[in-house]
Amino acid sequence: MSLTRRAWISAAAALPMVQSARAADLVAAPAMSTALPARAAFAAMSTTYLNAGSVHPFSLGAAKAVQDFAAERTLAQGEPRWSLDATDERIRKAFAALVKVSPDELCLVQSTTSGEQLVTQALGLPRKGARVVSDTLHFFGSFYLYEAFARAGVEVHWVKPRDGRSIDYADLEAAVTPGTTLVAVSAVSTINGFEHDLKRVSEIAHAKGALVYADIIHAAGAVPLDLAASGVDFAACSGYKWLMGDFGLGFLYARRESMQRLKRSQFGYEQLQSFATHVYPFDAPGGEVADYAPRDDATGFFATGTTSGSAAAQLAYSLDYISALGVEAIQRHRQPLLDHARRVLERRGHACITPEGSRSPLLAFAYEGAAERLAPKLDAAKVTITLSKNRFRISPSVFNDLADIDRLLAALA
């Protein structure tokens, strides 16, 4: 028996697998329009939705792609035409073009956090005596990860913003000492939209021998991003925010040269390029139970198991849609909305914690008791934004316009 990755899975489950001639067979999306605001590309919403930075709504085209995938999976129309391998390869290529890297430097992962975990494990963390540098504008969910490392003997240093808005690179440079293992940052902070200069971060880290991990969940699809030029060694994101996809599927980027410094920590069948058993009827004889060879790319190093087919179908549509719109055009459409909201709210005395001149998709304000005090007003006005305990955040997308911002401002008046 000699099988490759997906065929091995299918044979084990006794399911038919018919390779599609074209990955596009998976989806039958409607024609895409590049007009902004993209009202027609999304369903009529029951709320003024300014919360795409939390969860992005499905476009009609993405929803249709999932429906088409589900219809084929029922086998009601004869032999299945889907090809998971072809679709995975398609979205890897589309995402690679979006962030300007090689497709073989990308691996499909469950989430941003799983990508960060895979990187730290491959670096042998937690390890006594290792040093990790991060900042407090990094994803707050990673606080737990690195604080747990600290309890295990890792020296963890947190760089804090001097002005409450942005990281001073003099502080970062002082924190990254010789022997530092990893510098972990968010390309765009989920807290306030602060955008790191990833090239500067990489220069600081590499000068001291450290590697760089970037959380790009609020950057990919939202701001122009060139990972190859930035110099970062690793980056990860999920698909459910600015990639307009769903939960459960994302991307891990690993620079080819940087993978040489890692120790393999995961061993899964998704990594295999070839696999031949020697224990089943009619198998060729062999000294081991199986012969195998892993792929020599990021998938061959990090992949562990299958990922969501329906989420892949959705991303196949959404990544094409984002490419058709253009990230720069998305940013140009969004910026006047955020600038207008900032001007009015600051004039009213609200404390904006997003850096001046920000071009990121997030606009945040410090507001004591925000969730408790603002939720009733916003619910009554049918306006949705991010409400935290002491912060509120506005994150419009391609379907929003100035009238949506004015509805929010009226609700907050």
Subset tally (residues that are free of Cβ contacts under 8 Å to residues at least 40 places away in the same chain and within 17 Å of the chain's Cα centre (by Cα)) for segment 201-218: 2
Applying the selection to segment 132-165, what residues are touching a Leu at 6+ places or on another chain (Cβ under 8 Å) and in contact (Cβ under 8 Å) with a residue 40 or more places away in the chain? Val132, Val133, Asp135
Of the conditions (1) part of a helix (DSSP H, G or I); (2) more than 20 Å from the chain's Cα centre (by Cα); (3) not assigned by TED's automatic domain parsing to the domain that holds Gly239; (4) not charged (D, E, K, R), the single one that Val66 does not satisfy is (2)
Identify, from the list Ala170, Ala228, Ala205, the residue that is among the small types (Gly, Ala, Ser), buried (at least 21 other Cβ atoms within 10 Å of the Cβ) and either farther than 22 Å from Thr307 by Cβ or modelled with pLDDT of 95 or more (or both). Ala205
Taking segment 122-148 as the search range and keeping residues that are among the aromatic types (Phe, Trp, Tyr) and crowded, with 20+ Cβ neighbours inside 10 Å, which one is nearest to the chain's Cα centre (by Cα)? Phe139
Condition check: over 19 Å from Ser142 (Cα atoms), polar (S, T, N, Q) and assigned to a loop (DSSP other than H, G, I, E, B). Does Thr177 satisfy that? yes
Counting residues that are over 25 Å from Gly248 (Cα atoms), which strands (runs of 3 or more DSSP E) fully inside segment 87-168 reach at least 2? 131-135, 155-159
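Here is a yes/no grid of residues against (1) surrounded by 14 or more Cβ atoms within 10 Å (Cβ to Cβ); (2) at pLDDT 90 or above:
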| residue | (1), (2) |
| --- | --- |
| Ala254 | yes, yes |
| Leu262 | yes, yes |
| Gln271 | yes, no |
| Ala276 | yes, yes |
| Val279 | no, yes |
| Glu288 | no, yes |
Being part of a helix (DSSP H, G or I) and surrounded by 18 or more Cβ atoms within 10 Å (Cβ to Cβ), is that true of even one residue in segment 352-369? no
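The values are calculated or read from the model by the stated rules, or taken from the named source; none is laboratory data. Predicted, not measured: the structure shown is a model, and the values here were computed from it. Cβ coordinates were reconstructed from backbone atoms using ideal geometry, including for glycine residues, and neighbour counts include every protein chain displayed.
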